[in-house]
């Protein structure tokens, strides 16, 4: 876990990490949320709607934005104030996602940072883009 202090954050600072999507993750998300939309649980249904097979929950993919803020950038001292996201392409079980955050705005006096978020799949295709707005508390 990273632990950036406000004074260490600057425009252009980047962090990234990877996750591979598993069917177990999908099952756990279903159990937690009870979202049984057939696009996420039925391959045939998803194919009939133009997808390769069932698609990963968008909010499961988006959950790594929380991991980015709380674990990487800025890390332990982060309190997420808001997130704006755009889903660009579907994600499938087995996809390897790279989650990247880059600081693009720093307001030291307000302990406030904005981070551009980008998630790409193993083919370097954008699957999610967004902005994470955070407060940073120094020890």
Given a cut-off of under 8 Å on Cα pairs at least six residues apart, what relative contact order in percent is computed for segment 55-139?
34 percent
Helix-derived mean residue ellipticity, 222 nm - over the chain, DSSP H n ≥ 4, -39500 (n - 2.57), to 500:
-6000 deg cm²/dmol
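From the square roots a ≥ b ≥ c of the eigenvalues of the alpha-carbon gyration tensor of the chain, which class results: rounded (a/c under 1.5), prolate (a/b over b/c), or oblate?
prolate
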For segment 1-61 the mean separation of alpha carbon contacts under 8 Å (6+ apart) over residue count, i.e. relative contact order in percent, is 21 percent
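Readers should treat all values here as calculations from the given coordinates under stated rules, not as data from a laboratory. Source: prediction; values computed, not measured.
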